[in-house]
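Reviewing the structure listed below.
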Amino acid sequence: MGRFRTNLLLCASTGCVSNKSLELKEAIEIELKKHSLQNEIKIILTGCNGFCANGPIMVVQPEGIFYQFLTVDDVPHLVEEHFLKGRPVEKLMYIPPKKETPVPKMSDIEFFKKQQLIALSNRGSIDPENIDEYIGKDGYRAMVKALTAMTPEEVIEEIKSSGLRGRGGAGFPTGRKWEICKNAREDEKFIICNADEGDPGAFMDRSIVESDPHCILEGMVIGAYAIGASAGFVYIRDEYPLALKRLIHAIKQAKKYGLLGKDILSTGFTFDISVNRGAGAFVCGEETSLIHSLEGNTPEPRTKPPFPAFSGYRQKPTNINNVETWANVPRIIQHGAKWYSEIGTETSKGTKVFSIVGKLKNTGLVEVPMGITMREIVFDIGGGILKDKKFKAVQIGGPSGGCIPDHLLDTPIDYESLTKAGAIMGSGGLIVMDEETCMVEVARYFLSFVQDESCGKCPPCREGTKHMLNILTEITEGRGKEEYIDLLQNMGMLIKETAICGLGNTSPNPVLTTIRYFRDEYEAHIKEKRCPARTCKTLIHYSILEDKCTGCHLCFKNCPTQAITGEVKKAHFITQQKCIKCGMCFDVCRFDAVRYE
Amino acid sequence: MKLKPEDLDKINEKMRSVTNLREGAGRAKITVHMGTCGIASGARKILNEFLTQVEKANTDDVILITSGCAGLCSREPMSTVEIKGEPPVKYVDLDEEKVRQIFEEHVMGGNITSKYALEIGSERLS
Amino acid sequence: MNEQSEKIDQIIEKFKNEKGTIIGLMQDIHGEYRYLPEEVLLRVSAELDIPMAKLYTLATFYKSFRLEPVGKHHVRVCIGTACHVNGATKIVETLERELGVKSGQTTEDNQFTLETVNCLGACALGPLVLVDGEYHGKIDQGKLKKLLNKYR
């Protein structure tokens, strides 16, 4: 294999592919050939860099130059200037908010600076479809170490003392979980990787599978060895076609190399992994539901105990961890528990991957040490609120989580602090909300999600959330009554105590925390029939400011219900009875003449 | 092909040279100045020769990059060699033979090929 | 139709040999037709001796199964949290208005099927619309019209 002086690491993850990164690759190839550079410069399609909002993204190594928002039209100039003449192209670089000078190097960009990569350590730097590249980054070394130089007990001890806790939500200590399963008295045991990332707003598991599938396989082999399992499953979401493809490809390669299957690396250990596609059911995040789904049944949870560690898949002891947890395992075994446990806080060790999305300037996927504050994530890494609007809250933990308001922004992120604030770590979806997000509506949104996804087995979740949803809908439509807030709280507490599974008994959290921190918004809806964030359709109306309207007629042309009247060059007017509040006039107006309140 | 633990080491070593280059984590950095004048006076040949040498030496800690004009057009083609922790050295009026010598003596050997060097430590390239 | 019939034979055969799950089998059928036709389910039920009620239970529980055919273009709007706070509701409403159908339905001319999905996992690009498997990120009402026209 020839050497290449320059490597172009072009992101080919779901985000960047949807921004046409594959077309970009073809254009670069053509242009490189034009300048006879094809033997000096190589394009590598990598997994996600995490800075998805600015895609397509390409990092040029060895210099480490970071390019964003690339288009096919930029390619000829880029190739000639940078790859031929060595002059990086400034206009394609990242410019921080409120600054004018671009930051050429990826490592200097604020978004990447505060990150510490463990689970994502190979993201954007290897070709996820080439097992050799993973091996070149010390891949499968930890597996060799575990299989040849450690006993299963030692592996478990190492994971235990690393302090790793489950990254899927609840944060149960991983080593302890493995130990329970190992000690279960049965010959046949199973392990499962939960890649059915159902939490809306979280996509770290997709990203890890897409950019570094082998680290999950390696983690699973190590876990299987420690627990004594002979077969494993990856249960992956059907909505993630690219992740599925890369995972299957990775398993094939690993089998070919004998890193999976019979007598792995001639050590006598046998373990195989098969892939199961999910079929779209949020409740599968619950362990017993997932197992039922794997067995080919409807994914209804059952009461615990017995825990899956004693009776899981086909009534055999089964250990389930999520993608991010498995991805941490090889790194802990390789670098040691001490190294890992020095990162993070007293009770929450290591790093956590968060997807930071919503009303933020820099959105994407970040991995940060535990203990970092929410403020650092939102304002340093995330670059602050979009259009410099006012920050309102961060929603963390999805439909099972809660909101962190302004005055708690300096809360360090760890399992305990978040629980104390009424939220949960969850799988790591952080959705940032600004002054224009209505918290009552957000609570309603999550309940409608839960209502939609509830499996219907237990009444508290099936019926309780339905009634809570009805009440919230009434409030957002201006039909709320004063006693509704107390009623919601009482029902919420009752559901928390009586629902069977984790999905059910955490489902009131978004309502309870928004009442706790944003009671005034609930009251404004109920008492004043007013939506302070100007979001709830029934409570707002659109109007045109006469002095600002130039009579350009654009709103007139775009209004789907002909609610706007007015002649060209004269002020226009909205007939409220016809207006469906779609906001089209507001979106198209170039003179800020449309107002809603 | 089923692997044994030692086979993994071999793949690791082979790939390391490729991926290291990708991280800019080299011990030595060679910059070939490729402004218009540089290219006109044969910088491409210089670059190719360095690449051949890197490949031949089968080393994994030398990185090769290009940059714009160094500002001293009359002495092109030029390049700068920077060994980690030492000041960068600019070489001028290069040809392929000189490249081979510089690569062997300075990049691999650590001794500056002073007869082709313009000056030492004049400016840092980042 | 014959070709598809053969495919179904293969899928059933594969299930018999490899002992996969019924869900996997149904996903394969779904991949073939983009929905689960009743006559195929009846055939599966008879050949594999699985009660039709069980197949129906699974088909109606899991979100990715449909019991009705999809139109020529399959439009799916992500309504995950990130897309939601960035205005996914408006996108759904605009599409419902433009296409004249409710979410979950197919237009009369069989051109478009509109659906919502709870998260496509490309949250940094929200609001997000998926047309026939192709992602369109950061969409707004204006872009939506252009997008639809491309497929009309």
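Does at least one position in segment C:131-140 carry a residue that is at the interface with another protein chain (Cβ under 8 Å from one of its Cβ atoms), of a type in the set (S, T, Y) and at negative phi?
Checking segment C:131-140: at least one residue is at the interface with another protein chain (Cβ under 8 Å from one of its Cβ atoms), of a type in the set (S, T, Y) and at negative phi.
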Out of all the residues in segment A:262-285, which are more than 14 Å from chain C (Cβ to nearest Cβ), open to solvent by 10 Å² or more (accessible area, probe 1.4 Å) and of a type outside the set (F, W, Y)?
A:K262, A:D263, A:S266, A:T267, A:G268, A:T270
Return yes when C:H30 is within 14 Å of chain A (Cβ to nearest Cβ), under 27 Å from A:T298 (Cα atoms) and surrounded by 18 or more Cβ atoms within 10 Å (Cβ to Cβ) and no when it is not.
yes
Test A:K177 against the criterion of being basic (K, R) and within 17 Å of A:N328 (Cβ to Cβ), and give yes or no.
yes
List the pairs whose first member sits in segment C:1-22 and is farther than 14 Å from C:R43 by Cα, whose second member is hydroxyl-bearing (S, T, Y) and assigned to a helix (DSSP H, G or I), and whose Cβ atoms are under 9 Å apart, counting only residues at least 6 apart or on separate chains?
C:T21/A:S293
Determine which member of the set A:I28, A:I57, A:I43 is at pLDDT 90 or above, open to solvent by 10 Å² or more (accessible area, probe 1.4 Å) and either more than 10 Å from every other protein chain (Cβ to nearest Cβ) or touching a Cys at 6+ places or on another chain (Cβ under 9 Å) (or both).
A:I43
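Each row is one residue, and each column tells you yes or no for (1) under 20 Å from the mean Cα position of the chain (by Cα); (2) within 11 Å of chain C (Cβ to nearest Cβ); (3) part of a helix (DSSP H, G or I).
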position	(1), (2), (3)
A:L365	yes, yes, no
A:E416	no, no, yes
A:M433	yes, yes, no
A:E441	no, yes, yes
A:C455	no, yes, no
Quick one: which helices (runs of 4 or more DSSP H) sit completely within segment B:18-126 and have at least 1 residues that are at pLDDT 75 or above and open to solvent by less than 10 Å² (accessible area, probe 1.4 Å)?
B:43-57, B:96-102
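For A:G47, indicate whether it is in contact (Cβ under 8 Å) with a residue 60 or more places away in the chain and of a type outside the set (A, V, I, L, M, F, W, C).
Values: in contact (Cβ under 8 Å) with a residue 60 or more places away in the chain: yes; of a type outside the set (A, V, I, L, M, F, W, C): yes.
It is true that A:G47 is in contact (Cβ under 8 Å) with a residue 60 or more places away in the chain and of a type outside the set (A, V, I, L, M, F, W, C).
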Sole exception among (1) touching a residue at least 12 places away in the same chain (Cβ under 8 Å); (2) assigned to a loop (DSSP other than H, G, I, E, B); (3) open to solvent by 50 Å² or more (accessible area, probe 1.4 Å) for A:E80, by number:
(2)
Taking segment A:142-165 on its own, how many of its residues are open to solvent by less than 10 Å² (accessible area, probe 1.4 Å) and of a type outside the set (S, T, Y)?
7
Of the residues in segment C:102-127 that are in contact with a Lys or Arg (Cβ under 8 Å, 6 or more places away or on another chain) and assigned to a loop (DSSP other than H, G, I, E, B), the one that is surrounded by the fewest Cβ atoms within 10 Å (Cβ to Cβ) is C:N110
In this structure, is A:D108 within 30 Å of A:G344 (Cβ to Cβ) and free of Cβ contacts under 8 Å to residues at least 24 places away in the same chain?
yes
For the condition within 22 Å of A:N122 (Cα to Cα), in contact (Cβ under 8 Å) with a residue 40 or more places away in the chain, open to solvent by 10 Å² or more (accessible area, probe 1.4 Å) and within 14 Å of chain C (Cβ to nearest Cβ), what is the one hit in A:S400, A:S427, A:S341, A:S355?
A:S427
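The values are calculated or read from the model by the stated rules, or taken from the named source; none is laboratory data. No experiment lies behind these values; they were computed from the predicted model shown. FYI the Cβ positions are ideal-geometry reconstructions off the backbone, even for glycines, and counts take in every protein chain you see. All accessible areas refer to the heavy atoms of the entire protein, side chains included, with ligands and DNA or RNA removed. Shrake-Rupley method; radii C 1.70, N 1.55, O 1.52, S 1.80 Å.
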